[in-house]
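J.: Below you'll find the structure I mean.
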Amino acid sequence: MSHQFALMRQRRFLPFFFTQFLGAFNDNVYKNALVVLLTFQAARYTTLPPGILVNLCAGLFILPFFLFSATAGQIADKYEKSRLIRLTKLLEIGVMALASLAFALESLALMLACLFLMGAQSALFGPVKYAILPQHLQEDELVGGNALVESGTFIAILIGTLAGGLLVAMEHGTVWVSAVVVILAVLGYLACRGIPTAPAAAPALCINWNPLTETWRNLRFTRGNRSVFLAILGISWFWFYGAVFLSQFPAYAKDVLGGDENAVVMLLAVFSIGIGIGSLLCERLSTGHVEIGLVPFGSIGLSLFALDLWWASPVWASPAAAAAPIAELLARAGTWRVLFDLLAIGIFGGFYIVPLYALIQSRSEPEHRSRIIAGNNILNALFMVVAAGMGAGLLAAGLNGPQLFLVTGLLNVAVAIYIYTLVPEFLLRFLVWLLVHSIYRLQVQGIHHVPEKGPAVLVCNHVSFVDALVIMAASPRPIRFVMHHQIFRWPLLRFLFRESRAIPITSPKADPVMAARAFDDIAAALDAGELIAIFPEGRLTGDGEIDTFRPGVRRILARNPVPVVPMALRGLWGSFFSRKGGKAMTRPLRRGIFNRIELVCGEALAAAEATPDALQRRVAELRGAQA
């Protein structure tokens, strides 16, 4: 976690963070001030009922994401991004100055027009915001950077929502709101001037100004990479889930908890703090790379605690009773369970959302990245509109708030099953992550020797049945493992090895057809720029020592002369999955749990130097005396 906070001292991140924080803060000050004003003083401006006005505000803010996101994505790919950010922040100053005039003139039409313009400014900023991070951060910093941005954004939303309501309720409240939003806009512009340049990804791009055709084109871009597209669907689903919960907080606080306006603030605060905590924990749990194994972990928590929130929600409020203050609510044991559920939902939401954003940034093509993020923003807006429609429909059908939480939690299970069935990599990474964070405590040295891009062969000593899973957990890139066909077919691990596209192999003498096919698959994978991992001993160690490396690695390098990265596992000998004392996996918890294991990576060898003897010596040096 300290690694991500180190970014707060660096110019390549800190000005951007404050620009984003102040922008989110300002959006919510104005938006909530306007909502509160129209809720309690609508008669000053119009004969329309407050409920219609509040929903109109929500629609006006989200409409620009449909209209302008596609164009914004193109602009962000075509032009230098720090300059675009400065222009959007100048636009924000103009919009907030116009909003101040609207308050002074008491013009409802102008206030609503400014809300639309504020949504347009946010739609223009969105693709730049997420596309600039991969240009200024290393890949191993993406999770930490996104965690800080997401946690900061939710805290800004919380503080802005509170400040907007409090300011507009003061005497001469609109004057205070006018002053604050203009000051925040100016501060945001000053902050963005410190953002370093980020060169255009596609300067030759010809912009299509038709929002309809370009929106469809952007959505096609999102489908270019299956894992990226499903990550976008996962993010959009999270905004659907969050929109359902946030929209129910006022009614839940009043009708279920029996609280006043402060109870709504309490629920929002706990939820936002949970998102912040979960986001900040992501880097610590990700071991320095984009750990998508946290996404299934997050989705499990989102469902479990949504179901428990439904279960923990008896109706305490009496229609005739006065609204209870927060102190009275907190005196009830049931309130604490509700708050715990909301905090947990927020924490698991952070686990869920941060790796998905980092995955989009790391796996999308740079020249299309802004347009892919624009497509993500369009789908997010669409899902939030659908969430509002579903919520209104189910409430009209007679469901109450807690039952709506139940339905959303069950839908989350269905969505999770759908996504993880289509892309088993998410579930695979979750099971691997669970292994090294429950049974073991993994320490990794020298993982930077694994190339960030391009083909390479990884060689390692073979100690246990889970060696491949441990290496997989440590690697920032997907790996194709070459393993003996009997291990590949072992019942409990077959699913993991198949979904990781492992390559089963045997000796040419035992099955020449399988052996030839395996070497063809290895060559094809290396030609495609993938990582291949092999255990040159050809079998698990029976005594903890490194056995003779077989010559198969020379056959691989003869067809594909790629770099070879030596690795050594320490601490797995004597574990449940090793053959110490005879047959493996016969004595559960032989060494208890939370055993420390290590993976040590050495500097890559050129193909010409990577003889079996040289690799065996290097792996032995890396392992040292500890088996």
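Any read-out appearing in this document is the output of simple, stated calculations on the displayed coordinates, not a laboratory observation. This is a predicted model, so every value here is computed, not measured. Please note: Cβ atoms are built from the backbone with ideal geometry, for glycine as well, and neighbour counts cover all protein chains shown.
J.: Enumerate the amide H contacts of Gly259 below 5 Å, restricted to partners 5 or more residues apart or on another chain; note that Pro and chain-start residues carry no placed amide H.
T.: For Gly259, the qualifying residues are Lys254, Ala324.
J.: Sticking with this one: What whole-number volume per residue, in cubic angstrom, does the convex hull of the C-alpha atoms of the chain give?
T.: Given the Cα convex hull of the chain, per-residue volume reads 175 Å³.
J.: Another question, if that's okay. Using the 10 angstrom Cβ neighbour count as an exposure proxy, how do Val36, Val470 rank, fewest first?
T.: Val36, Val470
J.: Are there any trypsin sites (Lys or Arg not before Pro) in region 532-566 that are in a DSSP loop and have at most 16 other Cβ atoms within 10 Å? List them by number.
T.: Those satisfying the criteria are Arg539.
J.: Would you mind classifying region 48-116 by shape? Square roots of the alpha carbon gyration tensor eigenvalues, ordered a ≥ b ≥ c; an a/c under 1.5 is rounded, otherwise it is prolate if a/b is larger than b/c and oblate if not.
T.: oblate
J.: Here is a further query. So for region 224-423, averaging the separation of alpha carbon pairs under 8 Å that are six or more residues apart and normalising by length, what relative contact order in percent results?
T.: 40
J.: A further question on this structure: Can you compute 3J(HN,Hα) from phi for each residue in region 151-164, using the Karplus curve 6.51 cos²θ - 1.76 cosθ + 1.60 with θ = phi - 60°, rounded to whole Hz and x for Gly and Pro?
T.: Each residue of region 151-164 in turn: 5, x, 5, 5, 5, 5, 4, 4, 5, x, 4, 5, 5, x Hz.
J.: Follow-up question, since we're still on this one. To make sure I understand the rule: partners must be lysines, Cα under 16 Å from the Cα of Lys129, and not fewer than 8 residues away in the same chain. Which ones qualify?
T.: Partners within reach: Lys78, Lys81, Lys89.
J.: Taking neighbour Cβ counts within 10 Å as the exposure measure, how do Ile353, Ile155, Ile345, Ile417 sort from fewest upward?
T.: Ile417, Ile155, Ile353, Ile345
J.: Would you work out the relative contact order for the chain, in percent, from Cα pairs under 8 angstrom that are 6 or more residues apart?
T.: This gives 15 percent for the chain.
J.: If you line up the long axis of helix 294-311 against the longest principal axis of the chain, both from Cα atoms, how many degrees apart are they, to the nearest 10?
T.: Between the helix axis and the principal axis of the chain, the angle is about 50 degrees.
J.: Using θ = phi - 60° and the Karplus form 6.51 cos²θ - 1.76 cosθ + 1.60, what ³J(HN,Hα) does each residue of region 344-353 get, whole Hz, x for Gly and Pro?
T.: Here the 3J(HN,Hα) series is 5, 4, x, 4, 5, x, x, 4, 6, 7 Hz.
J.: For the pair Ala97 and Arg217, what calculated FRET efficiency results from E = 1/(1 + (r/R0)^6), where r is the Cβ-Cβ distance and R0 = 51 Å, to the nearest 0.05?
T.: The formula returns an efficiency of 0.90 here.
J.: What's the center-to-center distance, using Cα atoms, between region 183-206 and region 86-102 in Å?
T.: So the separation of the two Cα centres works out to 16 Å.
J.: List the aspartates and glutamates whose alpha-carbon lies under 12 Å from that of Lys453, not counting same-chain residues fewer than 8 positions away?
T.: Within reach: Glu139, Glu530.
J.: Next up: Report, by chain and number, residues whose modeled amide H sits under 5 Å from the one on Arg441, excluding near sequence neighbours (fewer than 5 apart, same chain).
T.: Close amide H contacts, sequence-distant or interchain: Asn595, Arg596, Ile597.
J.: Shifting gears a bit: May I ask you to sort Leu406, Leu330 by Cβ crowding, counting other Cβ atoms within 10 Å and putting the fewest first?
T.: Leu330, Leu406
J.: Another one. At 0.36 nm per residue, minus the direct Cα-Cα distance, what do Glu365 and Arg226 gain on full extension? Give it in nm, one decimal, please.
T.: Between Glu365 and Arg226, full extension yields an extra 48.8 nm.
J.: In degrees from 0 to 90, rounded to the nearest 10, what is the angle of the helix 173-192 Cα long axis to the longest principal axis of the chain?
T.: Helix 173-192 sits roughly 30 degrees off the main axis of the chain.
J.: Using 7 Å Cα-to-Cβ label points, what is the Ala179/Tyr418 separation (nm, one decimal)?
T.: Inter-label distance under the simple model: 5.0 nm.
J.: So what's the net charge close to Leu622: Lys and Arg +1, Asp and Glu -1, counting the other residues with Cβ under 13 Å from its Cβ?
T.: +1
J.: For Cα pairs less than 8 Å apart in space and 6+ apart in sequence, what is the mean separation divided by the residue count of region 1-130, i.e. the relative contact order in percent?
T.: 31
J.: Shifting gears a bit: HN-Hα J couplings of region 375-392 from phi, Karplus 6.51/-1.76/1.60, θ = phi - 60°, integer Hz, Gly and Pro as x?
T.: Running phi through 6.51 cos²θ - 1.76 cosθ + 1.60 with θ = phi - 60° gives x, 4, 5, 5, 5, 4, 4, 4, 5, 5, 5, 4, 4, 5, x, 4, x, 5 Hz.
J.: When only DSSP loop residues count, what GluC sites (Glu not before Pro) in region 131-191 have their Cβ near at most 14 other Cβ atoms within 10 Å?
T.: Of the GluC sites (Glu not before Pro), the ones in loops of region 131-191 whose Cβ has at most 14 other Cβ atoms within 10 Å are Glu171.
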